[in-house]
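Every read-out reported here was derived from the displayed coordinates using simple, explicitly stated rules and does not represent laboratory data. None of the values given here were measured: they were computed from a predicted structure. Please note: Cβ atoms are built from the backbone with ideal geometry, for glycine as well, and neighbour counts cover all protein chains shown.
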Amino acid sequence: MEEIKSLWNKVLSKLEVQVSSVSFELWIKTIEVLEYRENKVLVLVASTTTAKNQLIKNHLKQIKETVFQVFDENTEVEIIDLVEKEQYIKIHNPANEQIFTKTEEDKNMFNLKYTFENFVVGKSNQFVYAGARAVAENPGKKFNPLFIYGGVGLGKTHLLHAIGNYIIQFYPNLKIKYVTCEKFTNDYIESMLSKKEESKIEFREKYRNLDILMVDDIQFLSKKDSTQEEFFHTFNDLYQNNKQIILSSDRPPKEIATLAQRLESRFACGLIQDIQPPDFETRIAILRKKAQQERYFIDDEVIEFIADKINTNIREMEGLLSKVHFFASLLGKKSAGIDEAKEAFKENLNTVKENLTLDSITDVVCTHFNISKTDIVGKKKSKDIVEPRMIAIYLINEILDVPLISIGKYFGGRDHTTIIHARDKITESVKNDPEIKNIISQLKMLINVS
Ligand code: ADP
Ligand code: MG
């Protein structure tokens, strides 16, 4: 297939100089090569039905001629659209003999809005997009496992669902399962608590009798209990049978201590790809796409305002966009303008701040570091507790308007000088240690105050 792709790339570069750049970008560049059959039929997939019609009407002759030159003189060219592709795979892929019956749960597993088509690609996410797409097209064959990591609201879940939607459409015979780490844990605990031996078997059936398993937010894999053990067994079982595993996390595998030790060698054969916060242009493109999808009428100025104000969390950006739309509709306006945007932004900040407490901020820190509340406010002096404790103190002091004495009291009755020390220590680290700086900005994002 690699060879065919490289031949096709030659065809593309020849066509690029023959047709107008608009036609090339719109119709030709987006063609996917599905297969080059032994009887010399080259099967091409157009990105949409319109694209297919355009190609056949205006460019078929040129494409054929170029294919003759590059591939073989006797090559036949067949152009199909996405629906036909699905049929084609069903007929020609021998592995596709049986179509599994799907349960309601399976059918509703993926959010239909989270597709590759709806995912805006920019510098920050182009590699992760390409990786996800490659895995969706060649499950179990290309990168295994695929590990996607990045901050909150940057599109990890969206990409996992996009892979799922793609597989359901084009490989309907494959058994696929998407779960959050939390669901996996709950299912496992439930099966263990049950007295019936069948529930344990059922659990294994459910998670091992699969072609593709996706676990979202794997950083929540708990440290101690047997859930972790079960996850490794599941992982190894699937992996050894060449089944595709896809994981997402808010941090790289090496920062998930338990995972790194056990699965390091496995990750070497897979793809670990990060997703970065989008740049300004990509943020604008995402907002435009979202407005179009939801049929919001929003002034360009507003789109720019939102893209400027929120730069690290796409979910939050979308939230603000829909709030602006809502404000405009309350005023009976057809199109949302900058006044509504400013109002919505102000309200957003206030609600976020009003809902924050010592407890809620500490919770976010505890979850991030996977430590308990008792430990963080307790007496332990080990580094894995002391550092999160100081970070929590730093954040509370920066975000909330609470006296140092109260913060001290909350953290197990510590003296206010201890609180000052913690605050200053982290303030210093933020300046000098990029890792701490990064952790703080991630946490602020989680708390919603970035
Ligand atoms: P994460 O799982 O990383 O926290 P999500 O996948 O839930 O983030 O994404 C948050 C929201 O942002 C979703 O509504 C998603 O559709 C949207 N989103 C993220 N990245 C993109 C993108 N590149 N293009 C379009 N929408 C995006
Ligand atoms: Mg997610």
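Under unit Cβ charges (Lys, Arg +1; Asp, Glu -1), what dipole magnitude, rounded to 20 debye, does the stretch 349-450 have relative to its Cα centre?
240
Work from the charge dipole of the chain (Cβ charges, +1 for Lys and Arg, -1 for Asp and Glu, about the Cα centre) and give the residue of SER20, GLN244, ASN397 farthest towards its positive end.
Of the candidates, ASN397 comes out farthest on the positive side.
Counting just the Cα atoms, what span does the stretch 358-447 cover along each of its three principal axes? Round to the nearest Å and put the largest first.
Projected onto the principal axes, the Cα atoms of the stretch 358-447 cover 31, 24, 24 Å.
Taking H as built 1.01 Å from N, whose amide H comes closer than 5 Å to the amide H of THR180, not counting residues under 5 places away?
When sequence neighbours closer than 5 places are left aside, the close amide H contacts are ASP216.
Which FRET efficiency value, to the nearest 0.05, is calculated for GLN126 and GLU3 with the Förster distance at 22 angstrom and r the Cβ-Cβ distance?
For R0 = 22 Å, the calculated efficiency reads 0.35.
On each of the three principal axes of the Cα atoms of the chain, give max minus min coordinate, whole Å, ordered largest first.
85, 62, 42
Normalised by the empirical 2.2 N^0.38 Å for globular proteins, what value does the Cα Rg of the stretch 2-103 take?
1.15
ASN311 to ASN432: extension gain in nm, 0.36 nm per residue of separation minus the Cα-Cα distance?
Difference between extended and current length: 41.2 nm.
Considering the dipole of the stretch 126-275 built from charges on the beta carbon (Lys and Arg +1, Asp and Glu -1) around the Cα centre, which of MET214, LEU154, ALA136 is farthest to its positive end?
Working it through, the farthest residue towards the positive pole turns out to be ALA136.
Treating the stretch 233-380 as a set of equal point scatterers at the Cα positions, no solvent, please give the Debye-formula log₁₀ I(q)/I(0) at q = 0.14, 0.15, 0.20 Å⁻¹.
Calculated log10 I(q)/I(0) at the listed q: -0.88, -0.92, -1.12.
Taking θ = phi - 60°, what integer Hz values does the Karplus form 6.51 cos²θ - 1.76 cosθ + 1.60 yield along the stretch 294-310, in sequence order, with x for Gly and Pro?
8, 6, 8, 9, 10, 4, 4, 4, 5, 4, 5, 4, 5, 4, 7, 6, 10
Towards the positive end of the charge dipole of the stretch 358-447, with charges on Cβ (+1 Lys, Arg; -1 Asp, Glu), say which of ILE385, THR362, ASN432 has the farthest Cα.
Working it through, the farthest residue towards the positive pole turns out to be ILE385.
In debye, nearest 20, what is the charge dipole magnitude of the chain about its Cα centre with +1 on Lys and Arg Cβ and -1 on Asp and Glu Cβ, if you could check?
520
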